[in-house]
Amino acid sequence: MIDSNLIALFTVATFVLMITPGTDMVYVMSNALSSGKKAGVVSILGVASGAYIHVILATLGVAAIVSASPTLYKILVLAGALYMGWIGWGIFTHHAMISSLDKRPARTLKKIYMQGVMTNLLNPKAIIFTLSFFPQFISHEMGRVSEQMLLLGVILVIIMVLVELPLVFFASAIGECLSKSERLSKRVHQFSGATLIALALYITTTRLVMH
């Protein structure tokens, strides 16, 4: 149903993105620090739910594009690879640190969950990213595009949870380390950025140029 090589590439790219500090990571760590581990876990479930909703919406769009025109699909893959490379370059050159984790007032777990969903769901960058990122790892020849997209979405959510869960249990130590160590922050961003650029080049040459 899906190319195992593409799954491997997707897993690497997703993991690299997840370990790079961003809005979701800050949200999860902030709640873990201010409201406890349970709130942190609920935060993860919230942002993961928002991410999968993006996947469902993107699936509808990509499936329509693949059905309409294989050429248009290749253009989408190329655009996605270029966009991932651009994201990688931005991460590589701008190593913003987690300088402050805001203390949030006490809230119910339901409210924390819903805010997590909306934090991810209403992020315009997340919308563009999902639509451009996923098609690069879809095999047009194997068919069932919708099923491939939804499976990749499950993998993304699993990786997101596995990466962010330790943040909840070690939020204090990790937050202090990332906020104070400029060198570590820089190295994490350089590694993530370089990896994404390399993957973008690989996808461009293997999936488009050589076909």
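Numbers below:
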{"read-out": "Yes/no for Val154 being more than 30 Å from Lys74 (Cα to Cα), at pLDDT 80 or above and part of a helix (DSSP H, G or I)", "value": "no"}
{"read-out": "Positions within segment 107-153 being touching a residue at least 24 places away in the same chain (Cβ under 8 Å) and of a type in the set (Val, Ile, Thr), in sequence order", "value": "Ile112, Val117, Thr119, Ile127, Ile128, Thr130, Ile138, Val145"}
{"read-out": "Sole exception among (1) open to solvent by 40 Å² or more (accessible area, probe 1.4 Å); (2) under 14 Å from the mean Cα position of the chain (by Cα); (3) in contact (Cβ under 8 Å) with a residue 12 or more places away in the chain for Ile158, by number", "value": "(3)"}
{"read-out": "Among the candidates Ala106, Ala173, Ala96, residue that is modelled with pLDDT under 80 and assigned to a helix (DSSP H, G or I)", "value": "Ala173"}
{"read-out": "Flag if Leu131 is over 29 Å from Leu78 (Cα atoms), open to solvent by 60 Å² or more (accessible area, probe 1.4 Å) and under 15 Å from the mean Cα position of the chain (by Cα)", "value": "no"}
{"read-out": "Answer from Ala48, Ala39 - the residue that is more than 14 Å from the chain's Cα centre (by Cα) and among the hydrophobic types (A, V, I, L, M, F, W, C)", "value": "Ala39"}
{"read-out": "Pairs, first closer than 12 Å to Tyr113 by Cβ in segment 31-51, second modelled with pLDDT of 90 or more and not in a helix (DSSP H, G or I), C-beta under 8 Å, six or more apart", "value": "none"}
{"read-out": "Sole residue being among the aliphatic types (A, V, I, L, M), at pLDDT below 80 and part of a helix (DSSP H, G or I), chosen from Val26, Val55, Val16, Val12", "value": "Val26"}
{"read-out": "Where Leu121 falls short, out of the listed (1) modelled with pLDDT under 75; (2) surrounded by fewer than 21 Cβ atoms within 10 Å (Cβ to Cβ); (3) in contact with a Gly (Cβ under 8 Å, 6 or more places away or on another chain)", "value": "(1)"}
{"read-out": "First in segment 1-22 and more than 19 Å from Leu167 (Cα to Cα), second anywhere and of a type in the set (A, V, I, L, M) and open to solvent by 40 Å² or more (accessible area, probe 1.4 Å), Cβ under 8 Å, 6 or more apart", "value": "Met1/Met142; Met1/Leu151; Ile2/Met142; Ile2/Leu151; Asp3/Met142"}
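The values are calculated or read from the model by the stated rules, or taken from the named source; none is laboratory data. Being a predicted model, the structure only gives us computed values, none of them experimental. All Cβ positions, glycine included, derive from the backbone under ideal geometry; neighbour counts span all protein chains shown. These accessible areas exclude ligands, DNA and RNA; they are computed on the full protein's heavy atoms, side chains included. Shrake-Rupley method; radii C 1.70, N 1.55, O 1.52, S 1.80 Å.
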